[in-house]
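In what follows, a single structure is set out as structure tokens and then discussed.
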Amino acid sequence: MGTGEPPGGSASGTAVALGLPEVPARPLAERRVSRRIQVGPVPVGGGAPVSVQSMTTTNTADIGATLQQIAELTASGCQIVRVACPSQDDADALPVIAKKSQIPVIADIHFQPKYVFAAIDAGCAAVRVNPGNIRQFDNRVKEIAKAAADAGVPIRIGVNAGSLDKRLLEKYGKATPEALVESALWECSLFEEHGFRDIKISVKHNDPVVMVNAYRQLAAQCDYPLHLGVTEAGPAFQGTIKSAVAFGALLSEGIGDTIRVSLSAPPAEEVKVGLQILESLNLRPRRLEIVSCPSCGRAQVDVYKLADEVTAGLEGMEVPLRVAVMGCVVNGPGEAREADLGVASGNGKGQIFVKGEVIATVPESKIVETLIEEAMKIAAAMAAEGVVPGTPDVTVS
């Protein structure tokens, strides 16, 4: 860097406190205007925050196991949970599950219309139906609409590429965006004939490009709230990429009111990915954010290890805190200085920055310990000032 003063320095060696840059409060686009429904206490659509859903993997009839998984999902930040109801035993379990769940329960119904009525009677917050594989569904819409309206239970019209109505497959040849949209809107029209519009829609496909095009067309043709999902997205890595790409494209255009990331992984992982997608798009207040370099030949410390250990040590922290873990003198000091808390490492040592100022230089073996200690101090100070967890710069008056 030569003999000149580094940015943020001075002849006297006093650092300039630059502080954390403001994170833009606004998302990339205005939200699409949609009607609002209530899934239990959770509003969906109509400008309500985008909610995160998941689905249990347990046998629903096993009430204990299902409630345990719902509790784990609730702890991970899930706001709405869906449970499968393929049998009478599952339907019989719904009243207890709906009553004891800490978050709204949606019953997922396929093949048997009678389970729709069972779910409504059980007190479920909503019911998902897949018209393409419910026998004689069209003939039961009037009854379903009346039961749902009387109970104040919304219906999700959930169209899937893998179970599209045979009539539409014959018309389009495959599950095109147009076929998915036509299926959803046709079924909505059947409910509308009976005055029922407490509906949200999903048109899921395993191909993100097809899925994005389907939702764009759907958003242009109706004002129902939309449930986003890439169905059968795959194992954790592949499914995360597919979901992030598809959700990012749509949410950045203001399309989408609730999301479910579908992964071949534990349901809590779906929630974690979903929350991170929303935080990255400023659709949800950011919480803990680790800024770490990818490492390169300039790095003089094990950045991967440091970042993993700091992340593990701060797991569960809810306050809006940006922590920079950097490995060399090129970008390290600048990134660390601009974070709430950070380290710029080199030559077996680390300069610890808090709010833009160097507070200590510690050996590499003490970096993680020091960062965690300082993070706890910052969190405690935020709590004392009344900063609301998970909400940047918002205080309780």
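What to note about this one:
- Selected residue (criterion: most open to solvent (accessible area, probe 1.4 Å)) from residues of segment 32-57 that are assigned to a loop (DSSP other than H, G, I, E, B) and closer than 19 Å to Val127 by Cβ: Arg36
- Segment 315-344 - residue that is at pLDDT 85 or above and farther than 23 Å from Gln276 by Cα and, of those, farthest from the chain's Cα centre (by Cα): Ala344
- Filtering segment 215-236 to residues that are in contact with a helix residue (DSSP H, G or I) (Cβ under 6 Å, 6 or more places away or on another chain) and in a loop (DSSP other than H, G, I, E, B) leaves only Ala233.
- Enumeration of residues in segment 341-380 that are open to solvent by 10 Å² or more (accessible area, probe 1.4 Å) and closer than 16 Å to Leu288 by Cα: Val354, Lys355, Val368, Ile372, Glu373, Glu374, Met376, Lys377, Ile378, Ala379, Ala380
- In the set (1) open to solvent by less than 20 Å² (accessible area, probe 1.4 Å); (2) at pLDDT below 95, Gly132 fails one condition alone, (1).
- Residue among Val153, Val212, Val181, Val203 that is within 26 Å of the chain's Cα centre (by Cα) and in a loop (DSSP other than H, G, I, E, B): Val153
- Residues in segment 185-200 that are basic (Lys, Arg) and not in a loop (DSSP other than H, G, I, E, B): Lys200 only.
- Members of segment 65-81 found to be open to solvent by 10 Å² or more (accessible area, probe 1.4 Å) and either closer than 19 Å to Thr258 by Cα or of a type in the set (Ser, Thr, Tyr) (or both), listed by number: Thr74, Ala75, Ser76, Gly77, Gln79
- Some residue of segment 251-262 being in contact with a strand residue (DSSP E or B) (Cβ under 6 Å, 6 or more places away or on another chain), outside the structural domain of Asn347 (by the TED database) and closer than 29 Å to Ala379 by Cα: no
- The combined condition, being open to solvent by 40 Å² or more (accessible area, probe 1.4 Å) and within 23 Å of Met376 (Cα to Cα), is not fulfilled by Gly297.
- The residue of segment 202-230 that is farthest from Ser183 (Cα to Cα), among those that are among the polar types (S, T, N, Q) and open to solvent by 10 Å² or more (accessible area, probe 1.4 Å), is Asn206.
- Among the residues listed as Lys99, Lys142, the single one being loosely packed, with under 14 Cβ neighbours inside 10 Å, on the phi < 0 side of the Ramachandran plot and assigned to a helix (DSSP H, G or I): Lys99
- Restricting attention to segment 256-285, the residues being charged (D, E, K, R) and under 16 Å from Lys242 (Cα atoms) number 4.
- Among the numbered conditions (1) free of Cβ contacts under 8 Å to residues at least 24 places away in the same chain; (2) in a helix (DSSP H, G or I); (3) crowded, with 16+ Cβ neighbours inside 10 Å; (4) not basic (Lys, Arg), the only one that Tyr115 does not meet is (1).
- Looking only at residues in segment 148-170 that are more than 18 Å from Ile201 (Cβ to Cβ) and at pLDDT below 95, the one that is least open to solvent (accessible area, probe 1.4 Å) is Leu169.
- Residues that are more than 30 Å from Thr56 (Cβ to Cβ), in contact with an Asp or Glu (Cβ under 6 Å, 6 or more places away or on another chain) and outside the structural domain of Leu250 (by the TED database) do occur in segment 335-347.
- Filtered by the rule that a residue be assigned to a helix (DSSP H, G or I) and in contact with an Asp or Glu (Cβ under 7 Å, 6 or more places away or on another chain), segment 250-284 gives a lone residue, Ala268.
- Filtered residues of segment 231-241 (kept if open to solvent by 50 Å² or more (accessible area, probe 1.4 Å) and not acidic (Asp, Glu)): Pro235, Phe237, Gln238, Ile241
The values are calculated or read from the model by the stated rules, or taken from the named source; none is laboratory data. Keep in mind it's a predicted model, so treat the numbers as computed, not measured. Cβ atoms come from the backbone with ideal geometry, glycine included; neighbour counts cover every protein chain shown. Surface accessibility is based on the protein's heavy atoms, side chains included, excluding ligands, DNA and RNA. Shrake-Rupley method; radii C 1.70, N 1.55, O 1.52, S 1.80 Å.
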